[in-house]
Structures are given as C-alpha cells and as structure tokens.
Amino acid sequence: MVTARAALLGLALLSARTNADECTNLIDHVDYKGHDVGSTAQPDAADCCGDCSDHDSCKVWVWTNYHGGTCWFKSQGTEVTAYYGAKSGALPTPTLSPRYSELADNVDYYGNDISTTKQKFAESCGEDCDITDGCQLFVWTSHEGGTCWLKHSHSGPTDVYGVKSAYRVPTTTVTPAPTTMVNPAPTTRAGSGAKRLFLSALEVSMDRGLFQRFLAIHNDMVSNKEAHNSCVFWFWHRKYMLAFEDMLRDLGPSFACVTLTYFDWVEDYANFKAKKCSNFGTCSPILKDFGGAVHTNSSTPASSDLLIFDHSYPDLVCADASPNNHFCPVVEPGARCDHCLPRNATSWTEGLLSEEWDVDILKGYLQLAEPTPSIKQVSADIELGAHGMLHALLGGVMGNPYSSPADSIFYAHHTAVDMLHAIYHHCKVEPLGLAEDGKKSFIQSFEGCTTGNDETITATSRVQSKVTVHGVQIDAEDDKLVGKYFKDLPSQYWELTDTRDFGARAYSYQFNGLLARLYTNCGAAEPVPGARSAHEIEHVLRSIDSPADQNQVDFNKEALAQGASQGLTPTQVETELKKMALLVKAFCLPGSVVPYSDEFKAVWKIRDRRPSVVLLEDLKAGRVTMQLANWRAFLATYFECTKVPATIV
C-alpha cells in the first residue's frame, strides 16, 4: 500500500548517515543553549556529525571535552552563547523540491490527512509527498523529532507556531521568456515589442499566486471604493500598476527588464473609423495576443463554474490559450483549477469599438483647450468614458469592478489609461513649473474629494491599498507575499502626479501615432512649446506612420483652420470636433453611441450619464447645433460619412 511505502521511505531517509564532510564547518567557542535531545561520547568533534545524523531528533550539536569528549545533541540552535573550547556544527539542510511552494512558517492546514512520516527537516517532506497517492501538501511539526503530515487537500490555513507547510505548485508549462538582459532595466513602457516578455511574466506570476494576490488587493472593498468613482482614480491605479510591474520584474533574471504593455485603442479606433477593420477581432490584435476567447485544449473544460471571488461565469467560453492556461482563481493546495479564464467570445471577436477612443473625444475629455482644467473632472470623464467602455464591451470578468484584474488584459487597458494621465500632465501641469505646494493645491494637478469609504482625500492622504489574508484585512504594504512591491513607492497622492518623479522607479512611455501627436501638440494644429524638463528620463515619441492616422491628422488641421477663420475659441473648436466624431460613429459606422446598461451602471455604481451620450442626444433633439461651417463636407471628404440626417444642423 502506498502510504506504508511512504512511511518506510521516511525511515530509510533518516537512517542514511551523514558524513562529516557534508556537515557545516565546525565553529569554535560557540554553544547552543537548551533544546538538548541526547549525547554520545566522541573524542573528536568531527565525529559528532555522524552521531547526530543517526539520532532521531538531532539537527545541531555542540562538542565539549567533558569526560574526554562529548557530543551534545540539540533539536535546534536558535540561542547562541559563548563557551570557550566548545565546537558546534549542524546537519546540512536539504533542499525542497521546486515542485512545491516556499515553506510557510507557522501555517497549518488542519485535517485531510493521508499519512505521516518521520523527517527531521520540513524540506524532506516533499519527497514523501511525491510518492504518496493524492498528496497535495504537507505540514511539518517537531512532534517526535520531526513529523510530516501528508494531506490530500485543505480547508483553509490556520496559525500554529512552530509548524512549516508547503503545497504542490501547478505544473503547467511556462512559455519560454527571452533571456537577453539589458542593464539597467528599461524605464520606458512600449507597445508590441515588449509584449512577449510581459506575457511570459504573467504566466509565472499566475503559477506562483502573485497575480492572484494583486487581484485580491483590487477586489478589497476599501481599496476598490477609493480607486473608483473618486478623484484619485488615476492616482490609485498608477501606484497599483507600478507595484505590479515591480512584482513581474522580481520573478527572475529573465524578467528584470519587463515593462507593462498597453492596449492602443486610440490607434485601433482610428482604423475602425477609416473602415480599415470592422470589430475587435479585426481591429485589436492585442486581444488575440492575450489568448483571445477560444477554447482549444480537450484537457480543459469548455466552460467553468469556478468562482472568481464571489462570481462565476458558466455561460462563457473558458479561454485556455496562453497566458490563460496558467490562471487559477485560487493557488492553494487541493484547490480546483480549470486552467482557463471565462471570456465572452462574441464580445472579444465581433464587438464594436467605442467612440470613446476617438482622439477628438479624448481631447475634449482631457480639457486640453481649457486654460484652467479640473483634474477631478478630467479623471471622472476618462473613468466614465474611455476606461469604462472597454470593461462594458468585453464583459465577463472584465465587466466586474472588483475582480476585473483576473483578466490580464486589464493591465494593458489600465496602462493605456495611465498614458492619458501622462499626456494631461505634460500639456496642462508641466508648463506651470509647480513646486511641491503647487502640486498639492492647484486644481490642474490635484483635487480632493470624499470617497465611497466616506473618507476625505487630500493631496497628502496616504494611498489606501488593502488585502484580506487568512480572514484578516491588512495594508498591502504589510502583505508577506507582495507587500515589498508597494513599500518603496510614493505613499501620498500628490507624489504620483508625474511618472518621471519616482526616483529609481520613474518611468516614461513610448507614444505612437495619434497618441504621440496628442502629447506633442496638446490638441493644437502644431506642436506646442513646452517647459524645459529637468527629468533624467523622457517619454519617447514615434511619428505618424499609418494612412488612417494621417487622414485623422489632415482632418484635424482643416477643421482647426476653419474654426480659426470663423473666430471660434480653441474650446469651441474642440467641442465641434467632438460633435463630428459622435456623428461619424452614430450614422456612418457599425453600431451606434449607446449608453451603459442599467445592470452595468448598478454594478459599477455609475450615477452620471456619459457626456458623449448626452451630447449626441442634444444634437438629435436640436438642443445643440453645429457651429463649424462646412462640417458635412469635412465628414464626407475624410470619412465617407454622408448619412447624417438633415435634421441635425
């Protein structure tokens, strides 16, 4: 019987004598106080090693010249004292198999035992678990000199002082990551070039449970209420994303240079608007890069009813292409894992892109033409518009405000959202040359509010990131698994205004195409002179290189020139561009400008209507009229849009 074999193997391992040269070097004049478990007579201290190895409970020993030489055996050597003439040594600690998680101190898993074996060292329990049918984890205690409690599953961890435990790590194959190192690590977040390394890092982080711990932080009620529908939406997520990137870089040497990649939905929408593609499946290749919404492996279920926190998605396809085949909602011993992620196949392939990603609408939300914009209003419009629409359109896990980081596309999406903050800061805050007090008090830089936690947020408020571990809510910084990635990052909100001000963790972006032009021109027809930057790193700008982008640029130039000839203010022209973008989407492209569903608004606690929806309704009802001359000719020339009703004037 298998369990008997495991027990016999444990005894066999104990009987293997350790040679003197395998023990740690002898230390002179050192004694280990207490924890005595036996002794033998040996005139030579070096011979204590073998005797300790033969003893059931001995791990360290002390030799003295008592009675011509005595080896004093001890179960541990935690308290060191000076003892002239003594010599001390220790048995070599075995290495735990990489098939197991790191040993957790003081963590027990009660019940579900298969059998027990005898091992002095917790690290040796892994070998016994390996040959025991059904063994998924072990707990080691000092009982009878060292006992491995082999278990098939667990009902949850409990704190028990002195025990050690570990569990089997999922054995899915990790897509090899590039091994080329760059020194120092890059500080610029780019697009597709860094994507493969990023995806490989995601796989490893999922296998180790680190990805899931970041999900738990975002899922926490306190964290979530501070992060959403608040004035610090941009700021909270910036720190969260930077900590996530630090975690990925810490996975191993191969990932030291990983950077977050971004979902360039501005470029995708430009192609959609130019009729170069028709839906997510043809316009947004990044969705396929992140595993798409297809099920391909017969060894994984086509759908999954596993809870991702308190929600399941059994009606959706369980996408099992990389990196999703590494996803498990819970990475714990005995926990079920389907190695796939629920996604809405229709949305991911046939879904229609949103007007909220039209560069002309984004310019309006960013208030680039306003002399004194309100960052609180800008952030709210981006959260409600460009940010919220991807969550709504993709649905599934992404449609849940708490557990959306279970889908790795979340991180590419929020990196793009963070890029908009960088553009806004460059155009509307950086030229002011604010000192610390200004960064805290100018409404362009920071505005406070009251969050869903009924807490007043100011510029000097600490960023609240919480997580519940073993039933106890703690600060993310205090979490043993990922806390170190938060500790050295800015702690007050005002310190998060500029990505290039984070010291060793400062970072910049590579802006491509229309985003690069938006950064350079700040919504104007030509580049805007900016303040000279004193930062050691700068954002990287790549020029327009696609016909769709160039068409958009030519349209903007002509519309801006027309507005200037009419004497319209920059803000008025910005509004006209936004109106025309809405008319193109509503009447000349697939789909329409649709409001959020009542269900989505309820889940996300959205009270306001999207400004785009309101403006289009006002245009249709005649409450708002077009102010730019020749606007119909512009739409026909640049976007083949001739179907706008005559009732819109």
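With the dipole of the chain worked out from charges on the C-beta (+1 for Lys and Arg, -1 for Asp and Glu) around the Cα centre, which of 515, 586, 98 lies farthest toward the positive end?
Going by the Cα projections, it comes out as 586.
Suppose every Lys and Arg Cβ carries +1 and every Asp and Glu Cβ carries -1, with no other charges. What dipole size does the stretch 104-167 come out with about its Cα centre, to the nearest 20 debye?
The calculation lands at about 80 debye.
Using θ = phi - 60° and the Karplus relation 6.51 cos²θ - 1.76 cosθ + 1.60, list the HN-Hα couplings for the stretch 96-109 in order, rounded to whole Hz, with x at every Gly or Pro.
Rounded to whole hertz, the list is 6, 4, x, 6, 10, 5, 4, 4, 9, 7, 6, 10, 10, 10.
Using alpha-carbon pairs under 8 Å, 6+ residues apart, how would you state the relative contact order of the stretch 192-542 in percent? Present the calculation step by step, with values, prior to reporting the outcome.
Numbers: 585 pairs, mean separation 74.3, N = 351.
Reported relative contact order: 21 percent.
Once phi is turned into θ = phi - 60°, what whole-Hz ³J(HN,Hα) does the Karplus curve with 6.51, -1.76 and 1.60 give for every residue of the stretch 37-45, x standing for Gly and Pro?
10, x, 7, 9, 8, 8, x, 10, 4
Give me a comma-separated list of calculated 3J(HN,Hα) values for the stretch 386-401, in order, Karplus coefficients 6.51, -1.76, 1.60 applied at θ = phi - 60°, integers in Hz, x for any Gly or Pro.
Taking θ as phi minus 60°, the curve returns 4, 6, x, 5, 5, 4, 6, 6, 6, x, x, 4, 5, x, 9, x Hz for the stretch 386-401.
Round to the nearest 0.05 the FRET efficiency obtained for residue 345 and residue 543 when R0 = 30 Å and r is the Cβ-Cβ distance.
The value I calculate is 0.25.
Run the reach check for residue 288 against lysines, Cα to Cα strictly under 22 Å, same-chain hits fewer than 8 apart removed. What comes back?
Partners within reach: 195, 273, 275, 276.
Using R₀ = 41 Å, calculate the FRET efficiency as 1/(1 + (r/R₀)^6) where r is the Cβ-Cβ separation of residue 449 and residue 97; round to 0.05. Before the final figure, lay out each step's value.
On the way: r = 51 Å, r/R0 = 1.24.
Using R0 = 41 Å, I get an efficiency of 0.20.
Report, by chain and number, residues whose modeled amide H sits under 5 Å from the one on residue 540, excluding near sequence neighbours (fewer than 5 apart, same chain).
Under 5 Å from the amide H of residue 540: 509, 510, 511.
For a protection proxy built on the mean count of beta-carbon atoms within 10 angstrom, sort 493-505, 305-317 highest first, please.
493-505, 305-317
Could you give the length gained by full extension between residue 441 and residue 609, i.e. 0.36 nm per residue of separation minus their alpha carbon distance, to one decimal place?
57.6 nm
Going by a ≥ b ≥ c, the root eigenvalues of the Cα gyration tensor, does the stretch 27-90 fall in the rounded group (a/c under 1.5), the prolate group (a/b larger than b/c) or the oblate group?
Working: a/c = 1.68, a/b = 1.03, b/c = 1.63.
Oblate, since a/c reaches 1.5 and b/c is not below a/b.
So for the chain, averaging the separation of alpha carbon pairs under 8 Å that are six or more residues apart and normalising by length, what relative contact order in percent results?
Working: 1230 pairs, mean separation 72.8, N = 649.
Averaging sequence separation for qualifying contacts and normalising by length gives 11 percent for the chain.
Set the bar at 19 Å for Cα to Cα. Now go through 363/585; 579/605; 59/480 and name every pair that lies beyond it.
Going by Cα-Cα distance, 579/605; 59/480 fall outside the 19 Å limit.
Evaluate the charge dipole of the chain about its Cα centre and quote only its size in Debye, nearest 20, assuming +1 on the Cβ of each Lys and Arg and -1 on the Cβ of each Asp and Glu.
1620 debye
Tell me the relative contact order for the stretch 27-90 as a rounded percent, counting alpha carbon contacts under 8 Å between residues six or more apart.
49 percent
Give, rounded to the nearest 20 debye, the magnitude of the charge dipole that the stretch 192-542 has about its Cα centre when Lys and Arg contribute +1 at Cβ and Asp and Glu contribute -1 at Cβ.
Using only the charged Cβ atoms, the result is roughly 560 debye.
With a Förster radius of 56 Å, plug the Cβ-Cβ distance of residue 303 and residue 374 into 1/(1 + (r/R0)^6) and report the FRET value to the nearest 0.05.
The value I calculate is 0.80.
Could you work out the local net charge near residue 31, counting Lys and Arg as +1, Asp and Glu as -1, over the other residues with Cβ closer than 10 Å to its Cβ?
Working: positive: 33, 74, 87; negative: 79.
Here the count lands on +2.
Identify all aspartates and glutamates with a Cα-Cα distance to residue 376 below 15 Å; exclude those on the same chain that are fewer than 8 residues away in sequence.
226, 418, 447, 608
Roughly what would the spin-label model give for residue 311 and residue 66, points 7 Å off Cα along C-beta, in nm?
For the pair residue 311/residue 66, the computed spacing is 6.6 nm.
What net charge do the residues around residue 285 carry, taking every other residue with its C-beta under 15 Å from that of residue 285, with Lys and Arg at +1 and Asp and Glu at -1? Walk me through the numbers before you get to the answer.
Numbers: positive: 195, 196, 276, 288; negative: 264, 267, 268, 289.
For residues surrounding residue 285, the net value is 0.
State the percent of C-alpha pairs, over all pairs in the chain, separated by a distance greater than 47 angstrom.
Here the tail beyond 47 Å accounts for 30 percent of pairs.
Please report the spacing between the Cα centers of the stretch 553-573 and the stretch 607-621 in Å, no decimals.
Cα centroid of the stretch 553-573 versus Cα centroid of the stretch 607-621: 23 Å apart.
With unit charges on the beta carbons (Lys and Arg positive, Asp and Glu negative) and the dipole taken about the Cα centre of the chain, which residue among 260, 368, 624 sits farthest to the positive side?
624
Binning at 5 Å from 0, report for the stretch 547-639 what percent of all alpha-carbon pair distances ends up in each bin.
Calculated P(r), rounded to whole percents: 2, 12, 20, 21, 18, 12, 7, 6, 2, 0.
Lys and Arg at +1, Asp and Glu at -1: add these up for the other residues within a Cβ distance under 10 Å of residue 328 and post the number.
Once positives and negatives cancel, what remains is -2.
Each value in this text was obtained by applying a stated rule to the coordinates, not by laboratory testing. Only a predicted model underlies this, so the values are computations on that prediction, with no experimental measurement involved. We place every Cβ from the backbone using ideal geometry, glycine too, and count neighbours over all the protein chains shown.
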